[in-house]
Structures are given as C-alpha cells and as structure tokens.
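The values are calculated or read from the model by the stated rules, or taken from the named source; none is laboratory data. Note that the coordinates shown come from a computational prediction; the quantities given were computed from them, not determined experimentally. Cβ: placed from backbone, ideal geometry, glycine included. Neighbour counts: every protein chain shown. Accessible surface is based on the protein model in full, side chains and every heavy atom, while ligands, DNA and RNA are left aside. Shrake-Rupley method; radii C 1.70, N 1.55, O 1.52, S 1.80 Å.
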Amino acid sequence: HHFCGCDMEDMMGLDLGTSYRSDKQCREFYHFIADVEQKKMAKTVKHSSFVSIVVDGATDSSVTEQEIVYICTACAGQVSVNFLTVAAVEKADAKGIYAAVTDQTYYELETNKTEFMCKFVGLGSDGAAVM
C-alpha cells in the first residue's frame, strides 16, 4: 500500500482506482503542489512591503553544505514565516553562502536583486562565525 494522500480520499468514499497510487504519481502530485505553493509565495513577496530571510546551515549525508532558507513577509498587516528553499553551497565561506542563498532566493521568488532588495529589511542566521 502506497501512501499518497489517498487514504483520506478512501475515507471520504472517493474511488481513485489504482492509477494514482504509485510512488511515481505521488512524486508528480508533490511536484505540482510545490509549484503552486512556490508561485503563491512569489506573489506574497511581490505584494509585501517588507521581506526578511532566516538561514540556517546544514550538512547533508554526502557532506555537502546546505543553507535552509525561510522567508518572512509583512503583507496587509499580516506577518508570516514560511520555508522557502534549501540552497546548495559550493564553497562554505561567506561569499559562497551569500551567492547560494541569494541566487536560490531570487530564483524561487521569480524576482531579481533590485526588486528584492527594495523590500529586504532583515537577515537572521545561526551563530556560525562565517555568517
């Protein structure tokens, strides 16, 4: 039995058949859901007056440095913090981390440096010396 969110549909009496119950279909659904959420986040940032990011370093199982990026927005008086992306870092020095975080942030938010920096008001990070 594969879990693809189909258990809830089963409980609701919806018959999805067997076509959508594979790992491949589940990955495809997640891809589309992530795409919709990413576009919503880009729209939220576009309409926000202020934006901040919070980053935290991590190392994956292949000992590759990663930066986990969260986006903080203020839109119509509503402040929110949401996961944005994981940025792969080529070289774990200040320039490498800056490039990875900014490049990935601009990509995910479908924006550029000029548009983003007009709203950028803060950066939060862990206590690593390189930050």
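Here are the criteria: (1) surrounded by 14 or more Cβ atoms within 10 Å (Cβ to Cβ); (2) under 24 Å from Val36 (Cβ atoms); (3) modelled with pLDDT under 90. Tell me which single one Ala76 does not satisfy.
Against the list (1) surrounded by 14 or more Cβ atoms within 10 Å (Cβ to Cβ); (2) under 24 Å from Val36 (Cβ atoms); (3) modelled with pLDDT under 90, Ala76 comes up short only on (1).
In region 1-56, what residues are at pLDDT 75 or above and of a type in the set (D, E, K, R)?
Lys24, Arg27, Glu28, Asp35, Glu37, Lys39, Lys40, Lys43, Lys46, Asp56
Considering only residues that are on the phi < 0 side of the Ramachandran plot and modelled with pLDDT under 90, look in region 57-72 and name the one that is surrounded by the most Cβ atoms within 10 Å (Cβ to Cβ). I'd like the intermediate steps shown before the answer.
Of all residues in region 57-72, those on the phi < 0 side of the Ramachandran plot come to 57-62, 64-72.
Now restrict to residues that are modelled with pLDDT under 90: 57-62, 64-65.
Working: Gly57: 16, Ala58: 12, Thr59: 11, Asp60: 10, Ser61: 5, Ser62: 5, Thr64: 12, Glu65: 19.
Ranking the qualifying residues of region 57-72, first place goes to Glu65.
Which members of region 48-79 meet the condition of being under 17 Å from Val130 (Cβ atoms) and either charged (D, E, K, R) or assigned to a strand (DSSP E or B) (or both)?
Ile53, Val54, Val55, Asp56, Gly57, Ala58, Thr59, Glu65, Gln66, Glu67, Ile68, Val69
Taking the residues in region 107-131 that are hydroxyl-bearing (Ser, Thr, Tyr) and over 13 Å from Met41 (Cβ atoms) as candidates, determine which candidate is least open to solvent (accessible area, probe 1.4 Å).
Among residues in region 107-131 that are hydroxyl-bearing (Ser, Thr, Tyr) and over 13 Å from Met41 (Cβ atoms), the one least open to solvent (accessible area, probe 1.4 Å) is Ser125.
Would you please name the residue that is most open to solvent (accessible area, probe 1.4 Å), looking only at residues in region 97-106 that are touching a residue at least 12 places away in the same chain (Cβ under 8 Å) and either more than 20 Å from Lys40 (Cα to Cα) or of a type outside the set (Val, Ile, Thr) (or both)?
The qualifying residue most open to solvent (accessible area, probe 1.4 Å) is Asp103.
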